[in-house]
Amino acid sequence: MPFISAILLAALLWSAPSSAEAPAAEDLARKSQLAFFYAGEDLKVKIHMRLVTRDGKERLRDLTMLRKDVQEGGEQKYFICFHQPADVRDMTFMVWKYPGKDDDRWLYMPALKLVRRIAADDKRSSFAGSDFTYEDVSGRGLEEDVYALIREENLDDKVCDVVKSTPKTEKGADYSYKLSWIDRNTFLPLKEEYYDRQGNLARVFTAGELKEVQGLPTIVRRTMMNLQTGHKTEVVFEEVKYNLGLVNDLFTERYLRSAPPEAK
């Protein structure tokens, strides 16, 4: 009997999945955040945004985004300057992102000549009328959610781990949970589904095109679809440049009213 028990135990150990085969959900979420929001030490990109209503009416946005990592996976700074159309020209948006506490966000509205601090509760509001929220632009703190690995699934011939993220507090997000399809090779989110408080699918993010830029996998086309309004936002990244050596001084309030040359 001891000999048979030993054989059974060995068989169980042999068949058990290793930690490498089944990575922890929180570890996957962390790697995905690093790949998606922290690629390179800094970033400059031209962004074309297309806002489309249910009946096909379009609005366009052209902007430049600067990003600097103060600490990998931690503190970051963002500066965004709008160029087109005329009603948003020279509008600027800045984020100082902190781990473990609310970010600081500022919005300058040239029509009113007003710099406004964006409250923590407003981070889930629409970003410039798009289907992306302010939080979608700069990311969400890992510590705000709990994670579960749901399944493995192929998406567009890529093997993905599907991770469920649930806010720790009901006031911590405008959704009850999110499902993310994380590519095992790049750790980029190829798809995300946001479910409302009633458990209905509300928004869907999809990565339309990936490119390698300076050796870093980058989502250069992405879409956010609001299934409840029929509105969608399509985003194209052009002239993506990493590791430019952007200085901290670019990410200060002095430039909100008059954007630096790097953001034009």
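Throughout, read-outs are computed from the coordinates displayed, never taken from laboratory work. Just so you know, these numbers come straight off a predicted model, no measurement behind them. Here Cβ is always computed from backbone atoms with ideal geometry, including for glycine, and neighbour counts include all displayed protein chains.
Roughly how many whole Å is it from the C-alpha centroid of region 96-117 to that of region 67-83?
When both Cα centres are located, 13 Å separates them.
May I ask you to compute the full-extension gain from Arg89 to Asp122, defined as 0.36 nm times their residue separation minus their alpha-carbon distance, rounded to one decimal in nm?
Numbers: separation 33, 0.36 × 33 = 11.88 nm, distance 2.21 nm.
Answer, rounded to one decimal: 9.7 nm.
What are the extents of the Cα atoms of the chain along their three principal axes, in Å, largest first?
84, 43, 34
For region 53-117, which GluC sites (Glu not before Pro) pass both filters: DSSP loop (anything but H, G, I, E, B) and at most 16 other C-beta atoms within 10 Å?
Listed in order of number, the matching sites are Glu72, Glu75.
For Leu114 and Arg50 in the same chain, what is the full-extension length gain: residue separation times 0.36 nm, less their Cα-Cα distance, in nm?
Answer, rounded to one decimal: 20.5 nm.
Hey, what angle do you get for helix 25-37 against the long axis of the chain, alpha-carbon based, 0 to 90 degrees rounded to 10?
Between helix and principal axis, roughly 30 degrees.
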